[in-house]
1. What number of residues in region 66-105 are within 14 Å of the chain's Cα centre (by Cα), among the hydrophobic types (A, V, I, L, M, F, W, C) and crowded, with 17+ Cβ neighbours inside 10 Å?
2. Only one of these is farther than 15 Å from Ala65 by Cα, hydrophobic (A, V, I, L, M, F, W, C) and without any contact (Cβ under 8 Å) to a residue 60 or more places away in the chain: Val95, Val149, Val108. Name it.
3. Is it the case that some residue within region 97-104 is more than 18 Å from Gly54 (Cβ to Cβ) and not in a strand (DSSP E or B)?
4. Return yes or no: is Asn148 of a type outside the set (Ser, Thr, Tyr) and not in a strand (DSSP E or B)?
5. Only one of (1) under 26 Å from Lys48 (Cβ atoms); (2) within 10 Å of the chain's Cα centre (by Cα); (3) not small (Gly, Ala, Ser) is not met by Phe183, so which one is it?
6. Which condition does Asn148 not pass, out of (1) surrounded by fewer than 16 Cβ atoms within 10 Å (Cβ to Cβ); (2) modelled with pLDDT of 95 or more; (3) not aromatic (Phe, Trp, Tyr), if it passes all the others?
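The values are calculated or read from the model by the stated rules, or taken from the named source; none is laboratory data. Predicted model, so just to flag it, every value in this text is computed and none were measured. Heads up, the Cβs are rebuilt from the backbone with ideal geometry, glycines too, and the neighbour counts pull from every protein chain shown.
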Amino acid sequence: MNLRAATASGYVRCMRIALALLVLGFSAVPAHADDDTPKGEKGRPGEKGTLGVGIIVGEPTGICAKIYTRDDRAIQLAVGEAFISQGFQFDTDYVFHPWILQDRDSFVLPAYIGPGIRVVDYAGGNNAPSHFAAGLRAVVGLVFDFKNVPLDAFIEVAGVLEYDFSKGAGVGLNLGAGVRYYF
């Protein structure tokens, strides 16, 4: 099988999956759409800050942040070392929290989904030259959002469709878990 044809086939499959995830995310019913519900009563704690900063372990391993633009929407980013792909990675996502899986007295467990971008400066390894790649991400994850302390813990997976400026188009997968403190 031709390598270029296999890459193109993978590209088309990844694009279909990313499009399906985006349609699902945009068509989902928002978890906190009822503005009559007092803050802190259901869902995300009202007294918790909107900016969270912490660490992420996985791909990448480094620093992460999340800022809530609404109760059910946020912008998240991560920057750090991509150990598996050997490089320095930056990614950012616009995530929706359409489903609350658990809402207890001490925590909320929403799922999130959203589109994003990724930029990687690959280190090269094995005497290969370093090179640059940029692409699109489709991320899904879970947030264990504590109500009594300004912390959350998360786990996520993201499909990546990228263009490597020395190798061409490709697909990838990012996995990560981390914790954030909210201000």
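1. 5
2. Numbers: Val95 fails: farther than 15 Å from Ala65 by Cα; Val108 fails: without any contact (Cβ under 8 Å) to a residue 60 or more places away in the chain.
Sole residue among the options that is farther than 15 Å from Ala65 by Cα, hydrophobic (A, V, I, L, M, F, W, C) and without any contact (Cβ under 8 Å) to a residue 60 or more places away in the chain: Val149.
3. Applying the first criterion (more than 18 Å from Gly54 (Cβ to Cβ)) to region 97-104 yields 98-104.
Filter once more, keeping what is not in a strand (DSSP E or B): 104.
Scanning region 97-104, I find at least one residue that is more than 18 Å from Gly54 (Cβ to Cβ) and not in a strand (DSSP E or B), so the answer is yes.
4. Details: of a type outside the set (Ser, Thr, Tyr): yes; not in a strand (DSSP E or B): yes.
Yes; evaluated as a whole, the condition is true for this residue.
5. The single condition Phe183 does not satisfy is (2).
6. (2)
Here is a yes/no grid of residues against (1) modelled with pLDDT under 95; (2) buried (at least 17 other Cβ atoms within 10 Å of the Cβ); (3) in a strand (DSSP E or B):
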site: Pro110; (1), (2), (3): no, yes, yes
site: Ile113; (1), (2), (3): no, yes, yes
site: Asp121; (1), (2), (3): yes, no, yes
site: Asn127; (1), (2), (3): yes, no, no
site: Ala134; (1), (2), (3): no, no, yes
site: Arg137; (1), (2), (3): no, yes, yes
site: Ser166; (1), (2), (3): yes, no, no
site: Leu173; (1), (2), (3): yes, no, yes
site: Arg180; (1), (2), (3): no, yes, yes
